[in-house]
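The values are calculated or read from the model by the stated rules, or taken from the named source; none is laboratory data. Note that the structure is predicted; figures quoted are calculated from it, not measured. Using ideal geometry, Cβ is built from the backbone for each residue, glycine included, and neighbour counts are taken over all protein chains shown.
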Amino acid sequence: MPPANKQAMDPSKPSSDRRQNERKPLRTTSYLRLPGSRPTAVRSVDISLGGMSIIATANPPSKTSCVLRVGLPAGAQGIKLVEVEAKVLHSVFSGREDGFKVGLSFVNLGAEARQAISSYLSSVR
């Protein structure tokens, strides 16, 4: 296997080096619901068709399944609310962000959510 491919698949690399979808900034309040918990407000950082980065006050364990509710700017329609299933990829405390920077991977992204995210991504330059 060529060295470039080994590097791309290297699990020691940060997940940002393994992203398959382009991410765009999304700065808004979203709501994260972990198993057995009520939804908690989180700050979104960026989004792609594959997942999202958020800042949370709690440190969710890696591989935890969750549900994320996100309001996406939708031009003349205002805000498009989408709810997606996700899995926690990583969570690292960030003093600069005053919380845990959490990487989420979307799971079973429905057609409506996919369309809303695609529309948002294409509207951001």
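Taking region 64-78 as the range and being surrounded by fewer than 12 Cβ atoms within 10 Å (Cβ to Cβ) and in contact with a Leu (Cβ under 8 Å, 6 or more places away or on another chain) as the test, no residue passes.
Here is a check on your reading of the model: is Pro60 exposed (fewer than 12 other Cβ atoms within 10 Å of the Cβ), assigned to a loop (DSSP other than H, G, I, E, B) and not small (Gly, Ala, Ser)?
Here the answer is no, as Pro60 does not meet what is asked.
Annotation: of all residues in region 21-55 being in contact with a helix residue (DSSP H, G or I) (Cβ under 7 Å, 6 or more places away or on another chain) and either part of a strand (DSSP E or B) or without any contact (Cβ under 8 Å) to a residue 24 or more places away in the chain (or both), the one that is surrounded by the fewest Cβ atoms within 10 Å (Cβ to Cβ) is Lys24. Just name the residue that is surrounded by the most Cβ atoms within 10 Å (Cβ to Cβ) out of those in region 86-114 that are free of Cβ contacts under 8 Å to residues at least 24 places away in the same chain and within 16 Å of the chain's Cα centre (by Cα). Ranking the candidates gives Val92 first. Of the residues in region 13-30, at least one is among the small types (Gly, Ala, Ser) and modelled with pLDDT under 55. The set of residues from region 52-86 being more than 18 Å from Arg114 (Cβ to Cβ) and out of contact with any Ser or Thr (no Cβ under 8 Å at 6 or more places or on another chain) comprises Lys63, Thr64, Ser65, Cys66, Ala76, Gly78. Residue check: is Leu89 on the phi < 0 side of the Ramachandran plot, in contact with a helix residue (DSSP H, G or I) (Cβ under 6 Å, 6 or more places away or on another chain) and assigned to a strand (DSSP E or B)? Yes: the conditions hold for Leu89.
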